[in-house]
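Report on one structure; see the data block that follows.
The values are calculated or read from the model by the stated rules, or taken from the named source; none is laboratory data. Worth saying up front: this structure is predicted, and the values here are computed from it rather than measured. In this analysis, Cβ positions are derived from the backbone assuming ideal geometry, glycine residues included, and neighbour counts consider all displayed protein chains.
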Amino acid sequence: MDERLKQTLRTAREHYERRELDKAEPLLRSILDHVERFADVHNMLGVIAHERRDYNEAEMRFNRALELNPRYTEASLNLAVTYNDLGKFDLARAIHERATTAQKQTDGVDPFVKGKIANMHAEIGQAYAEVGLLHEAIPELEKAVGLCPHFADLRWRLGNLYKEVGDNARARVQYESAKAANPMYANARVSLAVLMIAANERKQAEEELQQVLSIDAEHKTAQMYLRMLKGIRPPGASRPPPAG
C-alpha cells in the first residue's frame, strides 16, 4: 500500500472511531477502489450501512469481511445482528453461536453481551465527560473495564479520565494495561510516553515512542514528542559549543 493510501486509511479510522461516519465513509470507499481486500474496511462500511438501516448492504459488507478473514469475530457478530434485523433468525442464531462458542468465558456470560453492556457504560461515561462531570464519568468507565478488561480502548479512555482529574498513577496503570492487552494500540503507548516525559523518564518515553513508530512510521504525535525530547537537554547537561 502506498503512503497516500495509508494516510487515507488512518484518517478514515480516526473519523470512524470518533463516530464521524459521514466523513469516514467516502474515505473507506475510496480505499476499496484501489485495494479491495481489507476485511476491516468492509466491516467498518458494514457498521456504517447498519447505522443507516441499510441492512442489505451491511449484510454484504460483513459477509465480504468474513470471506477475507473467516476468524473475524467482530464481523461475525455484526453479521448476526444484521441477520436478526433482516428477520433471518436461523442464520443469526447460527452465526452468533459459531462466533461465541470458542470465546465463552468461565463465568458463563456471553462475551458479546458483556461487550455491549461495557460499551453502554462507556457511552454514559462519555456523556458525563462531555459536560465536565469527570468524577461521574470515571465509575462508568470502571464498570466497562470490569466487564471487558481486555478491551484496550476502554482502558485507554479510563486512563485519560484519571489523568484529567490529576491521578497520574492510576492513569499509568490503565495505559500499561491497555498496552499489555494490545501491544499494537498506539494511543496507549503515546499516552504512556506523555506521563513518562512528565516524570522525567526520558529514556523510557523515547522507547515507547519508537515502538509507536515501528507500528506506524507516520504517526505525527509520536514524531512530535520525539522531536521535543531530542530538543530538550537533560538536567545538568552542558550546552554544546557553537559550531565554527
Study note, to complete from the structure: Expected output for region 36-60 (first residue closer than 12 Å to LEU79 by Cα, partner among the basic types (Lys, Arg) and in a loop (DSSP other than H, G, I, E, B), Cβ below 6 Å, 6+ apart or cross-chain) is none
Exercise for review: Search region 62-98 for residues being under 22 Å from GLY146 (Cα atoms) and either among the acidic types (Asp, Glu) or surrounded by 18 or more Cβ atoms within 10 Å (Cβ to Cβ) (or both), and hand back the single one that is modelled with the highest pLDDT.
Suggested key: LEU77
Check your understanding: So which residues in region 13-25 are surrounded by 12 or more Cβ atoms within 10 Å (Cβ to Cβ) and either touching a strand residue (DSSP E or B) at 6+ places or on another chain (Cβ under 7 Å) or at pLDDT 90 or above (or both)?
Key -> LYS23, ALA24, GLU25
Review point. Just checking, how many residues over region 152-169 are over 13 Å from LEU192 (Cβ atoms) and surrounded by fewer than 21 Cβ atoms within 10 Å (Cβ to Cβ)?
Key: 5
Check your understanding: ASN78 versus (1) over 18 Å from PHE112 (Cβ atoms); (2) in a helix (DSSP H, G or I): which is the lone unmet condition?
Key -> (1)
Point to revise | For LYS23: the one exception among (1) touching a helix residue (DSSP H, G or I) at 6+ places or on another chain (Cβ under 6 Å); (2) in contact (Cβ under 8 Å) with a residue 12 or more places away in the chain | key: (2)
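Report, by residue number, each residue of region 3-36 that is outside any helix (DSSP H, G or I) and either among the β-branched types (Val, Ile, Thr) or more than 27 Å from LYS220 (Cβ to Cβ) (or both). So that I can check it myself, show each step before the final result.
Quick first cut of region 3-36, residues outside any helix (DSSP H, G or I) only: 18-20, 35-36.
The answer is VAL35, GLU36.
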Practice item. Check region 48-55 and report whether any residue there is surrounded by 16 or more Cβ atoms within 10 Å (Cβ to Cβ), aliphatic (A, V, I, L, M) and closer than 14 Å to TYR16 by Cα. Key: yes
Check your understanding: Any chance region 154-163 includes a residue that's out of contact with any Phe, Trp or Tyr (no Cβ under 9 Å at 6 or more places or on another chain) and among the small types (Gly, Ala, Ser)?
Key -> no
Point to revise | Only one of GLY125, GLY132, GLY108 that is outside any helix (DSSP H, G or I) and at pLDDT 85 or above | key: GLY132
